[in-house]
Amino acid sequence: MDTTRDSAAPSVCLITMGCAKNEVDSAAMARRLREAGFSVTEEASSADAIIVNTCSFIQAATEESIDAIFEAASLPKVDEGSAVLIVAGCMPARYGDDLAAELTEASAFVPCSREDDIAEVVARALRISLPVAAVGGEPAEGEGRTFAYVKISDGCDRFCSYCTIPYIRGRYHSFPYEQIAEDVEREIASGAREIVLIAQDTGRWGADLPDGRDLAWLVDTLAEAHPDTWFRIMYLQPEGATDELLSVMAARENVCSYLDIPLQHVSKPILRAMNRRGDAAAFRALIERIEAAVPDITLRTTLIAGFPGETDEQFEELLDFVSEGLFHYVGVFPYSREEGTAAFDLPNQIDEDEKAERAQVLRDAADAACGPRIAERIGKGAIVLVEGTEEDGQRFGRAQCQAPEVDGVTYVSRGEIGAFVPCTIADTLLYEMEGE
Ligand code: SF4
C-alpha cells in the first residue's frame with residue numbers, strides 16, 4: 001500500500017448485508033470513519049478500503065455475504081493491491097479465526113463487538129495514521145431517508161434453540177437512554193420523520209440497567225420529546241407486550257399502533273423444543289389483550305416452518321392459526337439448520353424440499369388471511385408519511401400500519417416527501433393501499 005497519499009481523504013465504501021440492525025451498525029461505522037477524517041463513498045470500485053458488513057444469522061445469509069466478499073475482492077483496485085478489503089459484522093463474530101484462515105483476500109476482520117474501532121482498523125490496513133487528512137464524503141446509503149432505525153440494545157439471552165444470535169452478538173445489553181436519545185435527535189436532525197426502534201429483543205430494554213426504566217418509559221419519553229416524529233417498535237417478543245407499553249401506545253398518537261411480535265410457532269411441543277414459551281391459546285389471549293388496549297393495532301409476526309420433529313398435526317395447527325387472520329402481516333421462513341445451535345443436533349430433521357413446501361403453504365395461507373384484514377382499512381382515514389415518487393410521478397408513502405421495507409406502501413396523489421398527509425384509504429391490493 002502506498003503510504004504517500006495526496007491531500008484527498010482516503011475513501012471507504014461500506015457494503016451492508018442482512019437486516020436493519022446491520023444497517024444501523026454500518027451507519028455508526030460510517031460516522032466514526034468520517035469523524036476520523038475518511039471520506040465515505042458508495043463507489044466500491046474507486047474506494048481505498050471496502051468494508052463488507054456481513055450477516056451470518058442463517059446459512060443462506062452467510063452464503064450471500066461470502067458472495068459479496070468475493071465480488072469486492074475481485075474489484076480491480078483490491079485485486080492489484082491498491083485498495084484493502086475488510087470483513088466486519090456477524091461472520092467474524094461467528095467464525096473467528098477460521099474465517100481469517102479461509103478468506104486470505106481480506107486485510108482485517110472486525111467482529112460486531114469491535115466495530116467501535118473501525119477507523120483504527122482501516123487506518124492500520126491502509127498503513128496511515130489517524131486522524132487522516134480531511135473530513136468529507138457523500139452521505140452513506142440510507143441517510144436522508146424519511147425513517148431511521150435506532151438500535152436500543154444488542155445481543156440476546158433467550159437462546160432459542162435454532163438461533164445463532166446469542167453466539168454472534170453476545171449477551172443482552174441495553175444501550176443507555178442518553179445514547180438512544182442522542183441517536184434519535186441526530187436522525188431527526190438529518191430529516192427522519194419516523195424512528196424505528198430495533199433490537200434482538202426490544203421488550204427487554206432496561207432490565208439490565210440500574211434505574212428501573214423499561215421500554216414503556218423509553219417510548220413514552222421519546223414520543224413526548226419529539227411529538228412530530230413517529231416512533232415504531234419492532235421485534236417485541238410476546239412477553240414484552242406489557243400493559244404499560246400498550247397504555248403508552250394507546251395514549252400517544254405519534255407512537256405507531258403497530259407491533260411486530262415474532263411467535264415462530266404455535267404448537268406447544270415445538271415451542272418448547274425451540275426453547276420458547278407460549279402456545280396457540282396463550283397467543284390468542286395475548287392478541288385479544290393487545291386489541292382491547294390498542295383497538296386500531298396492526299400486528300405482524302414471523303414463523304418458522306419445518307422445525308426438526310414438526311409433525312403433520314403440528315404443522316396443521318400452525319396453518320390453522322395463520323388462517324384465522326389474527327395478524328395483518330406474516331413473515332415465513334423455512335427452518336435453517338445452523339451449526340453450533342442446540343437444534344442442529346435434534347433428531348427428525350425435515351428435508352429441505354419439505355421445509356420449503358411447508359413454508360410456501362404457510363405463505364399462501366397468510367396471503368389469503370391477511371389480504372382481507374388489509375382490505376378492512378378501505379374507507380378509513382389514515383395519515384401517510386410521503387416517502388418517494390414512482391417513475392410515472394405517482395407519490396407513495398406509508399401509513400402507521402405499514403412498517404418500512406416489509407409491509408408495502410400507500411399510494412397518494414399529493415404531498416412533499418417527508419410530509420404527513422391525511423387521506424382516506426380508497427382501495428387495497430393485497431398489501432398495497434391507495435389513499436385519496
Ligand atoms: S429471541 Fe430472537 S435473537 Fe434471541 S435467541 Fe430467540 S430468535 Fe434469537
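Each reported figure results from applying straightforward, stated rules to the coordinates on display, with no laboratory input. Keep in mind it's a predicted model, so treat the numbers as computed, not measured. When we count neighbours, we look across all protein chains shown, and the Cβ atoms used for this are built from the backbone with ideal geometry, even at glycine.
Key figures
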read-out	value
Candidate lysines for bridging to LYS77, where Cα separation is under 18 Å - those fewer than 8 sequence places away on the same chain excluded	none
Rounded if a/c under 1.5, otherwise prolate or oblate - the stretch 341-436, Cα gyration tensor axes	prolate
Cβ-based exposure ranking for TYR149, TYR329, in which fewest neighbours within 10 Å come first	TYR329, TYR149
Proxy reagent accessibility, fewest Cβ within 10 Å first, across TRP205, TRP217	TRP217, TRP205
Virtual spin-label span in nm between PHE70 and THR311, 7 Å along Cα→Cβ	4.3 nm
Per the chain, cysteines lacking a partner by the 4.7 Å Cβ criterion	CYS13, CYS19, CYS55, CYS90, CYS112, CYS156, CYS256, CYS370, CYS401, CYS423
Label-to-label distance, nm, for residues given as ASP208 and GLU182 (7 Å Cα→Cβ offset)	1.9 nm
Rounded to whole Hz, the Karplus (6.51, -1.76, 1.60) HN-Hα couplings of the stretch 74-79, x for glycine and proline	8, 5, x, 5, 6, 4
Global geometry of the stretch 73-208, whether rounded, prolate or oblate, following the gyration tensor of its Cα atoms and the 1.5 cut on a/c	oblate
Residues listed by number, the stretch 370-393, amide nitrogen under 14 Å from ASP296 label point at 7 Å toward C-beta	377-385
The stretch 155-169 - phi-based ³J(HN,Hα) in whole Hz, Karplus 6.51/-1.76/1.60, Gly and Pro as x	x, 7, 9, 7, 6, 4, 5, 9, 9, 8, 4, x, 7, 7, 9
Estimated FRET transfer efficiency (GLU63, HIS173; beta-carbon r; R0 45 Å; 0.05)	0.95
Alpha-carbon centroid distance for the pair the stretch 316-331 / the stretch 218-243, whole angstrom	25 Å
Within straight-line cross-link reach of LYS151, lysines at Cα separation under 20 Å, skipping those fewer than 8 residues along the same chain	LYS21
Mean residue ellipticity (222 nm) of the chain, computed from DSSP H runs ≥ 4 via -39,500 (n - 2.57), nearest 500	-10500 deg cm²/dmol
Cα convex hull of the stretch 381-435 - mean projected area over all directions, nm²	3.5 nm²
The stretch 147-371: C-alpha gyration tensor shape, a/c 1.5 cut-off, then a/b vs b/c	prolate
Beta bridges by DSSP in the stretch 381-435, antiparallel share as percent, to the nearest 5	90 percent
Partners for LYS268 among lysines (Cα-Cα distance below 29 Å; same-chain residues under 8 apart left out)	LYS355
Principal semi-axes in Å for the chain [√(5λ), Cα gyration tensor, largest first]	37, 28, 21
FRET efficiency, 1/(1 + (r/R0)^6) with R0 41 Å, evaluated for ARG114 and ASP243 via beta carbons	0.55
Note, ³J(HN,Hα) from phi for the stretch 382-397, Karplus 6.51, -1.76, 1.60, rounded to Hz, x at Gly and Pro	8, 9, 10, 8, 6, 10, x, 10, 6, 4, 7, x, 5, 6, 9, x
Among beta bridges that DSSP assigns inside the chain, antiparallel share in %, nearest 5	30 percent
P(r) tail fraction, the stretch 11-137 - alpha-carbon pairs more than 25 Å apart, %	15 percent
